[in-house]
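Report on the following structure.
Just so it is clear, none of the values below were taken in a lab; they were calculated from the coordinates. Quantities reported herein were computed from a predicted structural model and do not represent experimental measurements. Cβ placement follows ideal geometry from the backbone for every residue including glycine, while neighbour counts extend to all protein chains displayed.
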Amino acid sequence: MSRNYDNSVVIKPWGKEYNIFRIKRKFAITYLKINKGNSTSLHCHPKKKTGFLILSGGAYVQLGIYKKNTFYYKPMSILVLRPGLFHRITAPKNKNLFALEIETPYIKSDLIRFKDEYGRRNKGYESLK
């Protein structure tokens with residue numbers, strides 16, 4: 001059963017996200033705040049294509065499972081990630097990171113965590129509680 005995250009701030013251990021636009025399960029735009037010095041899990045989405053527009057703060061993005069493949073993206077950078085590509089986004093140590101995440105199709109349960117500093121490795125997407 002899929003949950004409806006519309007009009008809800010989802011609290012994450014690294015910050016928060018808010019779904020700002022959605023067309024059924026076809027397409028969604030989510031506003032992300034990653035707190036300074038924090039990272040998402042190293043994860044992938046097997047079925048969906050994901051894109052990011054870095055709004056402010058800059059982002060360190062790991063592409064694939066090796067840390068050496070981490071690159072810095074300045075504000076207004078755009079990234080497009082193919083389905084199945086493991087990735088992790090980290091905010092700089094001195095600035096919060098704000099970004100838009102674009103995903104198609106919109107399937108919050110399409111998530112596999114490879115590494116997670118917050119104890120969520122074998123867990124799915126957060127609940128609304």
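Given a Förster radius of 30 Å and the C-beta distance between ASN96 and LYS47 as r, what FRET efficiency does 1/(1 + (r/R0)^6) yield to the nearest 0.05? Let's see the in-between values first.
Working: r = 30 Å, r/R0 = 0.99.
Efficiency, from the Cβ-Cβ distance: 0.50.
How large are Rg and Dmax for the chain when only the alpha carbon atoms are used, in Å?
13.5, 39
By per-residue mean of other Cβ atoms within 10 Å, what is the highest-first order of 38-45, 98-105?
Numbers: 38-45: 21.0, 98-105: 18.8.
Averaged packing, sorted descending, gives the order 38-45, 98-105.
Can you list the trypsin sites (Lys or Arg not before Pro) in the stretch 9-54 that are in a DSSP coil and have 15 or fewer other beta carbons within 10 angstrom?
Counting only loop positions with at most 15 other Cβ atoms within 10 Å, the trypsin sites (Lys or Arg not before Pro) in the stretch 9-54 are LYS24, ARG25, LYS26, LYS36, LYS47.
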